[in-house]
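Peer 1: Let me begin by handing over the structure; questions about it come next.
The values are calculated or read from the model by the stated rules, or taken from the named source; none is laboratory data. A quick note: this is a predicted structure, and the numbers were derived from the prediction, not measured. We place every Cβ from the backbone using ideal geometry, glycine too, and count neighbours over all the protein chains shown. With ligands, DNA and RNA removed, areas are computed over all heavy atoms of the protein, side chains included. Shrake-Rupley method; radii C 1.70, N 1.55, O 1.52, S 1.80 Å.
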Amino acid sequence: MTVVITGASSGIGLELSKRYAAKASKLYLIARREVALRELAQSLSTRYPLLSVEIFPTDVTDFKKLIETSEQICRSSEKIDILIANAGISSEHKSDIYIFDDFKKIVETNFLSVAAICEIFAKKMKAQQSGKIVIISSLASLVAFPTTAAYSASKRALNSFADSMRLLLKNDGISVINIQPGFIKTPLTDKNDFKMPFLMELEHAVDKIENAIEKNRAEYAFPFVFATFAKILSK
């Protein structure tokens, strides 16, 4: 099995890299932090000697490089089984009007980078008539808060994008899986200075994500109580 993961150097992406290292024959890992990627690749290769790990230090907002990286991966691998578009950022929760440059950076990272990478991998999967595209959205996509305009908007755009891609690729043997987690204990949420409801440990959350991918869940929002509450508020 060949798996591609973006945002692989920390948080959800790091934990998913460790999980799929135990199951895959080949991993392609993409993230900004080269040192962290190299340390991860060395650790995984030591633990799983038969595993092939290739790293690509890439800022996903450098769209030209991201597309070149995606094309390189597709050329070098006979088949891509799973793409996990996980890279994402957030901003501090502030009651002030957003700063456009910050807003733009979040949208580019969380949404446009996914569109850029999915174009390349969807074509590869369509040619092979199989594959899974996994998009990591958020429960914040369901409910708009005044302090998360950019983050919520970028994640809501991902939901619509996932729905469209699923319809586009439904006859090509490709699953499009939209994961919408709540608060997970990661470096992304560590900077939050408020009490986060239903905060999940990373390992427990990734258990759920891994299971949803395995079961080809079109859409999976969790934890259940928080997700149900968010869906009610969104109506």
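Peer 1: What do the square roots of 5 times the Cα gyration tensor eigenvalues come to for segment 104-188, in whole Å, largest first, as semi-axes of the equivalent ellipsoid?
Peer 2: 26, 12, 11
Peer 1: Would you pull out the residues with amide H under 5 Å of ILE177's amide H, same chain only if 5 or more places away, H placed 1.01 Å from N?
Peer 2: Those lying under 5 Å, H to H, from ILE177 are ILE133, VAL134, ILE135.
Peer 1: For the chain, what is the mean residue ellipticity at 222 nm derived from helices alone (per DSSP H run of n ≥ 4: -39500 (n - 2.57); sum divided by total residues; nearest 500 deg cm²/dmol)? All intermediate terms of the calculation are to be shown ahead of the outcome.
Peer 2: Numbers: 9 runs with 112 residues, N = 235.
After summing the helix terms and dividing by residue count, I get -15000 deg cm²/dmol.
Peer 1: Sticking with this one: Which one of THR46, TYR28, ILE73 is farthest out on the positive end of the charge dipole of segment 26-73, using unit charges on Cβ (Lys, Arg +1; Asp, Glu -1) and the Cα centre as origin?
Peer 2: Going by the Cα projections, it comes out as THR46.
Peer 1: May I pose another question? Please work out the average accessible area per residue across the chain, using the 1.4 Å probe convention, and give it in Å².
Peer 2: Solvent-accessible surface per residue comes out at 50 Å².
Peer 1: Obtain the nm distance between the two label points defined at ASP59 and ALA22 by a simple spin-label model: each point lies 7 Å from its Cα along the Cα-to-C-beta direction.
Peer 2: Result: 3.6 nm between the two label points.
Peer 1: Can you work out the FRET efficiency for the pair ASP96 and SER45, with r the C-beta to C-beta distance and R0 = 35 Å, to the nearest 0.05?
Peer 2: The value I calculate is 0.15.
Peer 1: Does anyone have the angle between helix 149-169 and the longest principal axis of the chain? Alpha-carbon axes, 0 to 90°, nearest 10?
Peer 2: Approximately 50 degrees, to the nearest 10.
Peer 1: Work the Kirkwood hydrodynamic radius out for segment 152-235: mean of 1/r over every pair of different alpha-carbon atoms, inverted, in Å.
Peer 2: Numbers: mean 1/r = 0.0704 Å⁻¹.
For segment 152-235, the Kirkwood estimate is 14.2 Å.
Peer 1: Follow-up. Looking only at Cα atoms, what is the convex hull volume of segment 25-131 per residue, in Å³?
Peer 2: Values: hull volume 12.5 nm³, N = 107.
Value for segment 25-131: 117 Å³ per residue.
Peer 1: Continuing with this model, one more query. Report the semi-axes of the equivalent ellipsoid for segment 85-129 in whole Å, largest first, where each axis is √(5λ) for an eigenvalue λ of the Cα gyration tensor.
Peer 2: 31, 9, 5
Peer 1: If you don't mind, another one. For helix 11-21, report the angle its Cα long axis makes with the longest principal axis of the Cα atoms of the chain; keep it between 0 and 90° and round to the nearest 10°.
Peer 2: Roughly 30 degrees between the two axes.
Peer 1: Can you give the extra length, in nm with one decimal, that the chain gains between ARG38 and ASN171 once fully stretched, where that is 0.36 nm per residue apart less the Cα-Cα distance?
Peer 2: Difference between extended and current length: 44.1 nm.
Peer 1: Given a 1.4 angstrom probe, I'd like the percentage of the accessible area of the chain that is carbon and sulfur, rounded to a whole number.
Peer 2: C and S fraction of accessible area: 55 percent.
Peer 1: Expected output is a single nm value to one decimal: the length gained when fully extending between LYS79 and GLN128, i.e. 0.36 nm times separation in residues minus the C-alpha distance. What is it? Each step should come with its number before you reach the end.
Peer 2: Details: separation 49, 0.36 × 49 = 17.64 nm, distance 0.71 nm.
Contour length minus Cα-Cα distance gives 16.9 nm.
Peer 1: Let me ask something else about it. Quick check: residue separation of LEU202 and VAL225 times 0.36 nm, minus the Cα distance between them. What number comes out in nm?
Peer 2: Stretched fully, the LEU202-VAL225 segment lengthens by 6.5 nm.
Peer 1: Computed over the Cα atoms, what is the radius of gyration of segment 82-235 divided by 2.2 N^0.38 Å, N being its residue count? Mind dumping the intermediate values first?
Peer 2: On the way: Rg = 15.5 Å, N = 154, 2.2 N^0.38 = 14.9 Å.
Here the Cα radius of gyration is 1.04 times the empirical estimate.
Peer 1: On to the next question. Using the Karplus curve 6.51 cos²θ - 1.76 cosθ + 1.60 with θ = phi - 60°, work out ³J(HN,Hα) for each residue of segment 208-223 in order, rounded to whole Hz, and write x for Gly and Pro.
Peer 2: Once rounded to whole Hz, the list reads 5, 5, 4, 5, 5, 5, 4, 8, 6, 5, 4, 8, 9, 10, 7, x.
Peer 1: Compute the relative contact order of the chain as a whole-number percentage, counting only Cα pairs closer than 8 Å that sit 6 or more residues apart in sequence.
Peer 2: 18 percent
Peer 1: With an 8 Å cut-off on Cα pairs and a minimum separation of 6 or more residues, tell me the relative contact order of segment 28-160 in percent.
Peer 2: Relative contact order, segment 28-160: 25 percent.
Peer 1: Sort ILE136, ILE232 by accessible area with a 1.4 Å probe, largest first. Walk me through the numbers on the way to the answer.
Peer 2: Details: ILE136 10, ILE232 110 Å².
Reading off the accessible areas and sorting them downward yields ILE232, ILE136.
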